[in-house]
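Structure first, then comments.
Derivation of every value follows stated rules applied to the coordinates shown; laboratory data play no part. These figures come from a predicted structure and were not determined experimentally. FYI the Cβ positions are ideal-geometry reconstructions off the backbone, even for glycines, and counts take in every protein chain you see.
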Amino acid sequence: MTLYDETLAEQLQPLIEEAFGNRELIHHMSHRDAIFAAMEALTKGSLRVATQGADGWVAHAWLKQAILLYFAVCPVERFEAGALAWQDKIKTQVPAGVRVVPPGIIRYGAHVSKGCVVMPGFVNIGAYVDEGTMVDTWATVGSCAQVGKHVHLSGGVGLGGVLEPPSARPVIVEDGAFIGSRAVVVEGVVVEREAVVGAGVVLTASTPIIDLTQNEPREWKGRVPARSVVIAGTRMKRFPAGEFGVPCALVIGERKESTDKKTSLEQALRDFNVAV
């Protein structure tokens, strides 16, 4: 399947951007149709909010604008599923080939590919979840977050959402990554392919990610290197009131090539005595 239909984008993007600049245009049929077409494309996966290019991940701001416009044109409605009733502007969906366990929710405007499992978690509008990924119990895939193939989001994981500003990069979790229980990834952080993030790790755009595997530490912000094993840590910092430990993330090792990918996710944590 095409991850970003350039032809469709060329048709819709000018109308969306024009309507975002002048909200009166949402009452015009051509612009209104463009909003709904963009949402349908996001749901089907033929367009997505961020794509990977030669220079890294690129956010398509106009699709976030389409989502914001969609909220503007949709009224609050009452929805029912058996004895359950709720009111919202956005309907829910159960995509073909996806197992959704009640009360798991996938909002319209999100794409969840075949072979995925959504336990009682939440996938928000604009998100993209690729094939074979597990969204475990109470895990949240925030608005516009992008999750790759065969990722495991453990119980209670929080992937932050972002709609404004439209130009901001969403959270990215690449193929084969494992995110441990209650970990939080926000502010456009990229977890690169097959990385393992231990339980309770909090990653923000300003969180130091420190590699301890060499003789001298190396430091990144905003990305977890591919195949690295990461745990929560603290680093001492001096303040006017004294010296205190501030949160950081520690790269303590790398997943082994010799280990089968399906078993190495949790095994990599056990190898380094890291909680799942």
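Conditions (1) in contact with an Asp or Glu (Cβ under 7 Å, 6 or more places away or on another chain); (2) closer than 22 Å to P170 by Cα; (3) assigned to a strand (DSSP E or B); (4) of a type in the set (S, T, Y), marked per residue:
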| residue | (1), (2), (3), (4) |
| --- | --- |
| A205 | yes, yes, no, no |
| N215 | no, no, no, no |
| E219 | no, yes, yes, no |
| A226 | yes, yes, no, no |
| G233 | no, no, yes, no |
| M236 | yes, no, yes, no |
| F244 | no, no, yes, no |
| C248 | no, yes, yes, no |
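Pick from the range 159-189 the residues that are in a strand (DSSP E or B) and under 9 Å from the mean Cα position of the chain (by Cα): which of them is surrounded by the fewest Cβ atoms within 10 Å (Cβ to Cβ)?
Across the range 159-189, the extreme among qualifying residues is I172.
If you check V101 against the conditions, is it over 23 Å from V197 (Cα atoms), of a type in the set (A, V, I, L, M) and either free of Cβ contacts under 8 Å to residues at least 60 places away in the same chain or buried (at least 18 other Cβ atoms within 10 Å of the Cβ) (or both)?
For V101, the condition - over 23 Å from V197 (Cα atoms), of a type in the set (A, V, I, L, M) and either free of Cβ contacts under 8 Å to residues at least 60 places away in the same chain or buried (at least 18 other Cβ atoms within 10 Å of the Cβ) (or both) - is met.
The rows are residues; the columns are (1) among the hydrophobic types (A, V, I, L, M, F, W, C); (2) loosely packed, with under 14 Cβ neighbours inside 10 Å.
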position: V49; (1), (2): yes, no
position: D55; (1), (2): no, yes
position: L63; (1), (2): yes, no
position: Y70; (1), (2): no, no
position: E77; (1), (2): no, yes
position: L84; (1), (2): yes, yes
position: V94; (1), (2): yes, yes
position: G97; (1), (2): no, yes
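Only residues in the range 222-249 that are among the charged types (D, E, K, R) count as the first member; pair them with residues that are not in a strand (DSSP E or B), Cβ under 8 angstrom, at least 6 apart or cross-chain, and list the lot.
R223/V189; R223/E192; R227/E192; R227/R193; R227/E194; R227/A195; R227/R255; R235/P208
Out of the range 1-48, which residues are hydroxyl-bearing (S, T, Y) and in contact (Cβ under 8 Å) with a residue 24 or more places away in the chain?
T2, Y4, T43, S46
How about the range 205-218: which of its residues are surrounded by fewer than 17 Cβ atoms within 10 Å (Cβ to Cβ) and under 17 Å from G245 (Cα atoms)?
S206, P208
Sort through I35, I67 and tell me the only one that's in contact with a Cys (Cβ under 8 Å, 6 or more places away or on another chain) and in a helix (DSSP H, G or I). Give the derivation first.
Working: I35 fails: in contact with a Cys (Cβ under 8 Å, 6 or more places away or on another chain).
On inspection, the qualifying residue turns out to be I67.
What about I90, is it in contact with a Cys (Cβ under 9 Å, 6 or more places away or on another chain), closer than 17 Å to G126 by Cα and not in a helix (DSSP H, G or I)?
Against the criterion (in contact with a Cys (Cβ under 9 Å, 6 or more places away or on another chain), closer than 17 Å to G126 by Cα and not in a helix (DSSP H, G or I)), I90 qualifies.
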